[in-house]
Amino acid sequence: MVTISGGQLRGETGEDGLTAYRGIPYARAARFAPPEPAPPWTGVRDATRHGPMSPQPPFRPGSVTGEPPPAPQSEDCLNLTVLTSGTAGPKKPVLVWIHGGAYVTGSAAMQFYQGRRLAAEGEVVFVGINYRLGALGYLKLDGVSPGNLGLLDQIAALRWVRDNIEAFGGDPAAVTVVGQSAGAHSIVCLMAAPAARGLFHRAIVQSAPLGLGIAGKRTADRTARFFTAALRADPRTATVPEILAAQAKAIARAAGPGGLYSVPPFCPAADTEPLPGSARWLGDAAARAHDVAVLIGTTRDEMNAFLNGKPELAPLEAFSPVRKGLDGAKKAVTKFVFETPSRKFADRLVAAGGKVFSYRFDWSAPGSGFGACHCIDLPFLFGDAESWAAAPMLAGTEWDELSDLGHRLRQAWISFTRTGFPGWRAHSPGAAPGFRWRASGPDHEVSPAAARG
């Protein structure tokens, strides 16, 4: 039992000693409206079951991660989960997970993202948040939706953490946000948003597609035009299935012939609250360098998750010369969308006086054919064998082979969460097997590392 601003909560304690409080409402919002504080409740609220996730199509990265089981969906999805070992002792650092999914899929409640190992191994309070996705969260349409509602939801969740996390044993002055893919892209957006200042103190940015930028007016208008043409109804009163069907058609139309231009059309928009213009957003984010320490990196073969086995490309991959050309194209797009812009952003943070650590994740499973693809780092971060056992990207590997590197990765992330330093002090390969070191910066104090299996 805990008491927070909204009232009393009853959680559930597991055999590992962690207590989970699930489905906690951190805000409420009408369709296409900004979030507002959640109303209080009377009596004791049951927090033993996950809250619904934002309405969404089937999970997009399922071809590499495996498909999660079905879960309840609802527009009333602004809820979060807290995992804690209790309130005894000093206040604990807080780790807030922002899930990815191309801004159209995902949920903190998915079995992939259970943070029990992070909470137990690191003595941190783990928080996973749900936010609005797709057209319901990122449509920008004059007179209907202002845009960036999913981003405003994330800020509302971080405000809730600031105001309530002490009740769970957490320290509101030691909040680290961690996100992957669209979740990592969201974190950089939050760094650029004045409304998010002071709400987090460290950031772990995994596989952020920074090369995609944020949507300018022309892109946002085109997405809205595709969506309304497909919907043929008032978005404010259309049913959720109608919204999702029109969303799917808009995404397909935006992707072009063969679906090869798979840039998420529903995404954060420039010059829209809480974001600045597209020319300023990374600069404004880098200006937070003194306030937010950053751990940032990518995987070696990000684009393999999106292009390997793609039906439109499969016939071409049967021919060796063409396959080599496609492999080169995948590497080039990985550099353009993920690797190079992440490194440049790290450089901007360093130039602004920030404390920055970077990495590249190179481990790959011998039998998967996906290499070190997008999402490959997630099983190591969350460490739950049962949830990840069927992931195609792990084919040909026994879980015992992953355990050691996973433990060391979690320890690095936890160390950064607790101290602002990922523990990459040793420059001797023997001191930390599996990690190779590369010093960077004029005084060599910042030590980016390449994490390799």
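Residues that are over 26 Å from Ile376 (Cα atoms) and at pLDDT below 95 occur at least once in the range 321-340.
For the range 376-407, filtering for residues that are on the phi > 0 side of the Ramachandran plot and surrounded by fewer than 22 Cβ atoms within 10 Å (Cβ to Cβ) leaves 1.
The residues of the range 56-102 that are under 18 Å from Gly183 (Cα atoms), in contact with an Asp or Glu (Cβ under 7 Å, 6 or more places away or on another chain) and surrounded by fewer than 21 Cβ atoms within 10 Å (Cβ to Cβ) amount to a single one, Phe59.
Could you tell me whether any residue of the range 286-303 is modelled with pLDDT of 90 or more, in a helix (DSSP H, G or I) and not aliphatic (A, V, I, L, M)? No, every residue in the range 286-303 fails to be modelled with pLDDT of 90 or more, in a helix (DSSP H, G or I) and not aliphatic (A, V, I, L, M). The number of residues in the range 36-70 being within 30 Å of Thr3 (Cα to Cα) and either outside any loop (DSSP other than H, G, I, E, B) or under 20 Å from the mean Cα position of the chain (by Cα) (or both) comes to 11. Taken over the range 10-32, the residue count meeting the criterion of being farther than 22 Å from Ala71 by Cα and either surrounded by 20 or more Cβ atoms within 10 Å (Cβ to Cβ) or in contact (Cβ under 8 Å) with a residue 24 or more places away in the chain (or both) is 4. Among what's in the range 71-82 and is assigned to a loop (DSSP other than H, G, I, E, B) and in contact (Cβ under 8 Å) with a residue 40 or more places away in the chain, pick the residue that is nearest to Pro392 (Cα to Cα). This residue is Cys77.
Residues that are closer than 15 Å to Ala305 by Cα, assigned to a loop (DSSP other than H, G, I, E, B) and touching a helix residue (DSSP H, G or I) at 6+ places or on another chain (Cβ under 9 Å) within the range 349-366 comprise Trp363, Ser364, Ala365, listed in sequence order. Does the range 120-132 contain at least one residue that is farther than 27 Å from Ala385 by Cα, in contact with a Pro (Cβ under 9 Å, 6 or more places away or on another chain), crowded, with 23+ Cβ neighbours inside 10 Å and not aromatic (Phe, Trp, Tyr)? Within the range 120-132, one or more residues are farther than 27 Å from Ala385 by Cα, in contact with a Pro (Cβ under 9 Å, 6 or more places away or on another chain), crowded, with 23+ Cβ neighbours inside 10 Å and not aromatic (Phe, Trp, Tyr). Looking across the range 63-101, the residues that are among the aliphatic types (A, V, I, L, M) and at pLDDT 95 or above come down to Leu78, Leu80, Val82, Leu83, Val94, Leu95, Val96, Ile98.
Of all the residues in the range 109-146, those that are within 19 Å of Ile187 (Cβ to Cβ), aliphatic (A, V, I, L, M) and either without any contact (Cβ under 8 Å) to a residue 40 or more places away in the chain or not in a loop (DSSP other than H, G, I, E, B) (or both) number 4. Candidates are the residues of the range 83-104 that are out of contact with any Lys or Arg (no Cβ under 8 Å at 6 or more places or on another chain), assigned to a strand (DSSP E or B) and hydrophobic (A, V, I, L, M, F, W, C); the one that is farthest from Pro209 (Cα to Cα) is Val94. Beta carbons closer than 7 Å, at least 6 apart along the sequence or on distinct chains, pair a first residue in the range 372-388 that is without any contact (Cβ under 8 Å) to a residue 24 or more places away in the chain with a second that is surrounded by fewer than 23 Cβ atoms within 10 Å (Cβ to Cβ) for Ala385/Trp399.
The values are calculated or read from the model by the stated rules, or taken from the named source; none is laboratory data. Quick caveat, the model's predicted, so the values are computed rather than measured. Neighbour counts run over all protein chains shown; Cβ positions are idealised from the backbone, glycine included.
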